[in-house]
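Every number in this text was worked out from the coordinates using simple rules, so none of it is lab data. Bear in mind the structure is a predicted one, so any value in this text is a computation, not a measurement. A quick note on method: Cβ atoms are made from the backbone with ideal geometry, for glycine too, and the neighbour counts reach across all protein chains shown.
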Amino acid sequence: MMGGITHCRFLKAPVTKLEAKSPKSAVWTITAVVTLTTDLGETFYEDNATLEAILYRNGPGSAETAVLSKTVDWTFPMRALKVVLQVDAAKCNPKHQYFLRVGEKDRKAVQDVWGQYMMVQGRTSVLPIWSLPFRLGQKTKELFVERRLQIRDDRVLKVVEETGESIARHIWDAGLSASLVLASLDNERSNLASPELRKAIRACLNRDHVNILELGAGCGTFGITFATLFENCLVTLTDLGLAKEIADLNLKANSLGDRAKFVELDWTEPLPEHYKTSFGLVIMTDCTYNSAYFEPLVGVIDAVLNNNNRLLMAYKRRHEDEKEFFELMEAKGLEVTCRTKVAIEGDTETAQHADLASLRSNRGLFPWTSTPPKPRSLTKRHRSIASAHCTGRIHISFLLPCSQKVAQLPTTASGAFNDTAPTKLVHFKPVPYCTVR
């Protein structure tokens, strides 16, 4: 069984060709290649599925109209499926735009609605894909495709993603799940979020203006959902320059104007000073998959969080190394205040989950300084512990595993931190929580 949402993905976006069927008639042939896979594309759909390809027409000033549809079968162990449709050229208008949508047959009514694409009748549902608009006979934009997700009765979110292999330019499971929770925030009958998490999110949004920072935005799904649903939110999407093009396309597709923007941000570079005081809410999704970036990411989070804001993060548990991320967070005085689980596959007994958590800084309890010394002779696991210090006595709160070595930070006789003395590793007895003073 696949671990998460099943994504229908274009490997090749639609290509059109005019072909003569007889001396007096011709047809337009529309060809595309799709696959069924996970968000990271590491496994393919391990079952059979009946898909439906639907060609839509959109004339100037008119709504989208279905022109024709065709059923195609995905058979395990397929990795790619070719889709071919033909339409009578005499019935086509070169001024019209066309879209190709591929999803599971007989699920059109529910597939584009949040909450239904994940669990339908106790089994995995395929998240459908839309092509970008194209005209017959003209070269299509093969690089990009689109998801259309109705987050509320009157709001449809459009998420452009790439057809290629760059994971930074695709939508991911936790981002979708987090947006689902956000869209259900005002639905009191929804049980997607715990009451505590719902209250925490509402408290952050209960202001005239809320400046939101999204870290590792990628396509920007979560941040754009905030800006789409809540007009008092001003969202800054940040990521490496690789994500700028796809993020800008999504900002334009959702007509957000000046309520959302993309800014390039590298976690390994010095953080601009204004980031440390500008944001009432920090958000991120699917950022804990690569342990190589845990330390710089936690450093950025530590810099932008204060006693007046929160971090709202969503992640899908993919490997054991993710525990290190939360150890680093806790060593920085950043604590999880509430969390919820969102099922993203299968029935309630076997479902995969995405975790959505709210975190805040507890540094108001301790006089942390802003320029920790460089730790010496420490393993990677302990560097963040050694970097937390204060000008008086040292206060570090963290979860302590059995017989775990913990950094003992050297101090002078007056209790001040001594940056010239060597750092030592000492053993503490196994207790649930430990405070080093």
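Worth pointing out:
- Value of relative contact order over region 260-320, rounded to a whole percent, pairs C-alpha under 8 Å and six or more apart: 45
- The order of Ser125, Ser179, Ser190, going from fewest to most other C-beta atoms within 10 Å of their C-beta, is Ser190, Ser125, Ser179.
- Residue by residue, region 89-98 carries 3J(HN,Hα) couplings of 4, 5, 9, 9, 10, x, 7, 7, 9, 10 Hz when phi is fed to the Karplus relation 6.51 cos²θ - 1.76 cosθ + 1.60 (θ = phi - 60°); x denotes Gly or Pro.
- Taking the fewest neighbouring Cβ atoms within 10 Å as the starting point, the ordered list for Ser25, Ser291 is Ser25, Ser291.
- Cut-off under 5 Å, modelled amide H: who pairs with Thr140 long-range: Thr16
- Candidate aspartates and glutamates - alpha carbon under 16 Å from Lys12, same-chain residues fewer than 8 apart omitted: Glu142, Glu146, Glu161, Glu162, Glu165
- Kirkwood radius, region 169-365, all distinct C-alpha pairs, inverse of mean reciprocal distance: 16.9 Å.
- Translational diffusion of region 140-260, estimated by Stokes-Einstein from the Kirkwood radius over alpha carbon pairs at 10 °C in a medium of 1.306 mPa s, is 107 µm² per second.
- For Arg9, Arg202, the sequence from fewest to most other C-beta atoms within 10 Å is Arg202, Arg9.
- Over region 204-272: Rg over Rh, Cα atoms, Kirkwood Rh: 0.97
- Take 213-220, 267-274 and order them by the average number of nearby Cβ atoms within 10 Å per residue, most first; the result is 213-220, 267-274.
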